[in-house]
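Structure first, then comments.
The values are calculated or read from the model by the stated rules, or taken from the named source; none is laboratory data. Only a predicted model underlies this, so the values are computations on that prediction, with no experimental measurement involved. When we count neighbours, we look across all protein chains shown, and the Cβ atoms used for this are built from the backbone with ideal geometry, even at glycine.
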Amino acid sequence: MQKFNVNSISPDSSMSKYFEGRVEIKKMITDTLTKDFETFLVTFHDGARTKLHYHEVDQVLIATEGSGIVVIETDVTRDSDTTATIRMNDSHDMAEGDFVCIPALKWHWHGAKGSKFSHLQIKKPGKTIWVE
């Protein structure tokens, strides 16, 4: 067993291209500790958010600070061989202590609703598809 403290983890800027606005990402549990799941502490500043994406596995978000929002796809309509329309009509406000499970393969985005918001992101390792 190993013990860690999130305050001693340096932010990782390698994923910042997948976000709009200022974010701080701390990789808490990665495949160096276990290959069964991953956990990140993500802090969104001043209304920052993720870009539109989906995961090939379920994702759990647990709000730890501030007010946030999660918006999830409700319908995808194929317009042609190369385009589609994604309807994002399922919106959930989040406050400290709230948690959601986003099903695999559902387009979504999440972030701060106004000022600072933090959440834990927990999922099995798997591919993430980014659209923006």
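One table, with the values for the structure above:
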read-out	value
Exclusive hit being over 15 Å from the mean Cα position of the chain (by Cα) and in a loop (DSSP other than H, G, I, E, B), set Gly66, Gly47, Gly114, Gly97	Gly97
Filter result for Thr82 (under 20 Å from Ile129 (Cβ atoms) and β-branched (Val, Ile, Thr))	yes
Enumeration of residues in region 2-44 that are of a type in the set (Ser, Thr, Tyr) and either in a strand (DSSP E or B) or under 21 Å from Ala95 (Cβ atoms) (or both)	Thr39, Thr43
Enumeration of residues in region 13-33 that are under 21 Å from Ser115 (Cα atoms), touching a strand residue (DSSP E or B) at 6+ places or on another chain (Cβ under 6 Å), without any contact (Cβ under 8 Å) to a residue 24 or more places away in the chain and not aliphatic (A, V, I, L, M)	Glu24, Lys26
Residue pairs meeting the criteria (Cβ under 8 Å; at least 6 apart or on separate chains; first touching a residue at least 12 places away in the same chain (Cβ under 8 Å), in region 106-132; second surrounded by fewer than 18 Cβ atoms within 10 Å (Cβ to Cβ) and basic (Lys, Arg))	Trp109/Lys51; Pro125/Lys35; Trp130/Lys51; Val131/Lys51; Glu132/Lys51
Selection status of Val76, closer than 17 Å to Arg49 by Cβ, in a strand (DSSP E or B) and out of contact with any Asp or Glu (no Cβ under 8 Å at 6 or more places or on another chain)	no
Test result for Phe37, buried (at least 19 other Cβ atoms within 10 Å of the Cβ) and hydrophobic (A, V, I, L, M, F, W, C)	no
Search result, residues across region 61-106 that are among the β-branched types (Val, Ile, Thr) and surrounded by 10 or more Cβ atoms within 10 Å (Cβ to Cβ)	Ile62, Thr64, Ile69, Val70, Val71, Ile72, Thr74, Val76, Ile86, Val100, Ile102
Test: residue in region 52-59 that is surrounded by 17 or more Cβ atoms within 10 Å (Cβ to Cβ), among the charged types (D, E, K, R), under 20 Å from Ile129 (Cα atoms) and at pLDDT 95 or above	no
Residues satisfying the stated conditions in region 107-132, i.e. over 18 Å from Glu38 (Cα atoms), crowded, with 19+ Cβ neighbours inside 10 Å and of a type in the set (Gly, Ala, Ser)	Gly111, Ala112
Test result for Gly126, in a loop (DSSP other than H, G, I, E, B), at pLDDT below 95 and over 27 Å from Phe4 (Cα atoms)	no
